[in-house]
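Below is one structure; the comments refer to it alone.
The values are calculated or read from the model by the stated rules, or taken from the named source; none is laboratory data. Computed from a predicted model, the values in this text were never measured in an experiment. Here the Cβ positions follow ideal geometry from the backbone for every residue, glycine too, while neighbour counts run over all protein chains shown.
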Amino acid sequence: MADKLNVVINLTARASSVWRSAATGDEAAQKIMALSRKRAFVVSRIVQRALRKALPTTNVTISEHVQIGEPAVRILAESKGSSDPVAFELDGDNPLNRSVFLSLHIQTLSSVSKPIRVKAMREGKTLHWSVQLIGFEAIARGVGGGFIVIKLNNGITGKSANYAAFLKGHGWDSTLKKDKWDNALDKMKLGKPGKPFFYQTDRAVGFGDYVDRKVHVTQMKAGVGLPLNRIPLVNKIPGVDKLGVKVTDTVLTFEGLGEKAEKLLIKFKVKPGGLDLGGMMLSGTLEPVGALPPDDTPDTGTVYVEQPTSSSDKQI
């Protein structure tokens, strides 16, 4: 239960209808109105100072607007000049018409806070994303080409979408067995997403912001070892034809999304191998694979609304 007190002080200032030193009627009217405004200003400031001293914890303002229900005291000052006299006068010297009238309006509103479940759309654009590699196939023999398929996950809504890009560039390397494209496209379609790599963009983006986004893919490969047929006796190990290790890194960069969306290690592979060295640098433009999900997502929450239970008004 909460009680709110709203007090409004209506202050109306007037002046007499005669200004003897004025040369014209227009000049008299202007000076009478200016005097009326000055009276309203001076009296409203006196009332404000007195109220602030008497009510140090209450907001006391001079305002043109009143919001009923706010815990405040508001002073509404109005100047009428001689346009609305309160008393009849023959000579323009009735003291009632050279006065300031104050009226007091007090409202007390009692209310209770009740929870209400509401539905809304939660903003889906975010800085927080993760990328998973579905497939990457490319070959470079000086000039290179290939394609990549990735899955992007929104860190706020949990939604995801797949994108693909045809790549071209240069280098000397290959992901293909015996440098052949046989069944490469089928393998891409059936590829299982790899481990997620988390990153941040420099601004909040949605799925649509990745469409036509340029990406750069760099693969680096290095191996240290010897063919087993060069080492006596060791070449008898079944299933292994080389003694050593080969490491392959695949790095992805989203262009135009900030430095934290660059050089993302989307694949790291270590396997037995001999002496090897290679790499390729490729670029392409992302296109969605299928329909993109909406960025915003429905959400529900609880808000507390003040519901009136009783009210009282008093005019003085």
Cβ pairs under 6 Å, 6+ apart or interchain, first in the range 9-22 and part of a strand (DSSP E or B), second charged (D, E, K, R), ordered by first then second residue, are T12/E78; A13/R39; R14/K80
Does the range 181-196 contain any residue that is at pLDDT 90 or above, in the same structural domain as V251 (by TED's automatic domain parsing) and in a strand (DSSP E or B)? no
Select from the range 255-281 the residues that are among the basic types (K, R) and in a strand (DSSP E or B) and write down the one among them that is farthest from G144 (Cα to Cα). K271
Within the range 256-270, which residues are surrounded by fewer than 17 Cβ atoms within 10 Å (Cβ to Cβ) and farther than 26 Å from A222 by Cβ? G256, G258, K260
So if I check each of V149, V217, V240, V224, which one is assigned to a strand (DSSP E or B) and modelled with pLDDT under 90? V224
